[in-house]
Amino acid sequence: MDYLEKLIGNHIVEAYEVIKEFEVFVGFQKIKIKIKLGNDGKYYYATSHYYHGSRQAGPYTSSQNGFDTIENAIYHAKRQILQFYDPNDESAVWKINDNY
């Protein structure tokens, strides 16, 4: 973590080290999951896509992030992907996460 702290210096506010990356398939949709270690010692996740069911106002994006363990970060990434997933919803779409 020392090299991450040195990288931050005076101008970089936040820095993350990507420590794991997964590719999963939900139906035919490939989704990538990044697990990152922040300079605060917490684990964060990001998903390449968000699920937007036809009965939802918008795609589901969790506001909860920053966990004490890798396992919790993975659990919440999975939850974000599958919380409202309905394999029978033919009008649902996967929205690309532009910040992935």
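Potential lengthening of the chain between Thr69 and Tyr85 amounts to 3.3 nm, from the contour at 0.36 nm per residue minus the alpha-carbon distance. Listed values for region 85-99 are Karplus-derived 3J(HN,Hα) couplings in whole Hz (6.51 cos²θ - 1.76 cosθ + 1.60, θ = phi - 60°), namely 4, 10, x, 9, 7, 6, 9, 5, 9, 9, 8, 6, 8, 5, 9, and x replaces Gly and Pro. The slack between Ile12 and Ser62, meaning 0.36 nm per residue of separation minus the straight C-alpha distance, is 15.5 nm. Our summary gives the chain a relative contact order of 24 percent, counting only alpha carbon pairs under 8 angstrom and 6 or more residues apart.
Between Val93 and Asn39, the modelled label-to-label distance comes to 3.7 nm, taking each label 7 Å out from Cα in the direction of the beta carbon. Helix 70-82 and the longest principal axis of the Cα set of the chain meet at an angle near 30°. If both residues of a DSSP beta bridge must be in the chain, then about 100% of such bridges are antiparallel.
For Cα extents along the principal axes in Å, the listed values are (1) 49, 34, 20; (2) 49, 25, 20; (3) 39, 20, 16; which was obtained by calculation from the structure presented? Looking at Cα extents along the principal axes in Å for this model, the match is (2). Estimated from helical segments only, the mean residue ellipticity of the chain at 222 nm is -6000 deg cm²/dmol, where each DSSP H run of four or more residues counts as -39500 (n - 2.57).
Between Gly58, Gly38, Gly27, the residue with the greatest mean-square fluctuation in the GNM of the chain (Cα pairs under 10 Å linked by springs) is Gly27. Of the chain, which part is the longest with no GluC sites (Glu not before Pro) in a loop (DSSP not H, G, I, E, B) and with at most 14 other C-beta atoms within 10 angstrom? Result, exposed sites excluded: 15-89. Loop-located chymotrypsin sites (Phe, Trp or Tyr not before Pro) in region 1-90 (DSSP state other than H, G, I, E, B) with a sparse environment of at most 14 neighbouring Cβ atoms within 10 Å: Phe28.
Taking amide H as placed 1.01 Å from N in the peptide plane, Asn39 has its amide H under 5 Å from the amide H of Ala15, each at least 5 places away in sequence or on another chain.
Any read-out appearing in this document is the output of simple, stated calculations on the displayed coordinates, not a laboratory observation. What you see is a predicted model; the values in this text were computed from it and never measured. Neighbour counts are summed over all protein chains in view; Cβ atoms, including those assigned to glycine, are modelled from backbone coordinates with ideal geometry.
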